[in-house]
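Peer 1: Handing you a structure now.
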Amino acid sequence: MKKISALIVSTIFLTACQQGGAGYDNNQNAYKGAGIGAGLGAVAGALTANDEHRWRNAAAGAAIGGLAGAGVGTYMDNQESEMRQATAGTGIDVSRQGNDLILNMPSNITFAHNSSNIQSSLRPTLNNVANILTNYPQTIVEIYGHTDSSGGDSYNLDLSDRRAAAVANYLSARGVTQKVITTGLGESQPITSNSSKEGRAQNRRVEIKISPISQ
């Protein structure tokens, strides 16, 4: 417990200092909010885990609390604004669900038919997305691959896995260091009917979900 307590104290201090940087007002209230939130998050992270996970969860809890104390809403507002500017006119749709951002990338700009190789036309936009993500490290990035109902279930699942992984690898290669989770969902979550060519095209997509690390 002494080691965990020392970790909590150090992460409180570091988190509070970091939150006083760019994007936050340098005032006592901001530091108090970050520090108090970090402490609560660290304690919660340490006490709700098995021994083997306490170190990791305490550090994660401190990051969670720090972001909540300093203003998670503003943090995501700023990121949303930058994402909308970076993707304007590209065919990528940016939506907001609470404090989560969803980037919906249709198949016609992401991958060729039956391919998991990112099309060259998408790369400049993904470069911009990667640059923004590196400036907002207190997020978790989830990438979901989807297909239409053409082909077998196992093939579609594998293809969606490979497409999600391709986007994740591309972002990581361009400096995105936060946790990136990939999931292939195959044809299981269509957004419209697969009965038409247009509908199938809409269902073939990759989504990037960006969530704040928050309480």
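The values are calculated or read from the model by the stated rules, or taken from the named source; none is laboratory data. Since this is a predicted model, take the numbers as computed values, not measurements. So basically every Cβ, Gly included, is an ideal-geometry build from the backbone, and we count neighbours across all protein chains shown.
Peer 1: Out of S115, S160, S95, S149, report the one residue that is of a type in the set (S, T, Y) and in a helix (DSSP H, G or I). Show your work before the answer.
Peer 2: Details: S115 fails: in a helix (DSSP H, G or I); S95 fails: in a helix (DSSP H, G or I); S149 fails: in a helix (DSSP H, G or I).
Every option except S160 fails the conditions.
Peer 1: Ok, one more. Restricting to the stretch 153-180, name every residue that is among the small types (G, A, S) and without any contact (Cβ under 8 Å) to a residue 40 or more places away in the chain. Give the steps one after another, and end with the answer.
Peer 2: Going residue by residue through the stretch 153-180, those that are among the small types (G, A, S) are 154, 160, 164-166, 168, 172-173, 175.
S154, S160, A168, S172, A173 - these are the residues of the stretch 153-180 that are among the small types (G, A, S) and without any contact (Cβ under 8 Å) to a residue 40 or more places away in the chain.
Peer 1: A further question on this structure: Kindly indicate which of D161, D148 is among the charged types (D, E, K, R) and modelled with pLDDT of 95 or more. Quick ask: steps written out before the conclusion?
Peer 2: On the way: D148 fails: modelled with pLDDT of 95 or more.
Unique residue meeting the criteria: D161.
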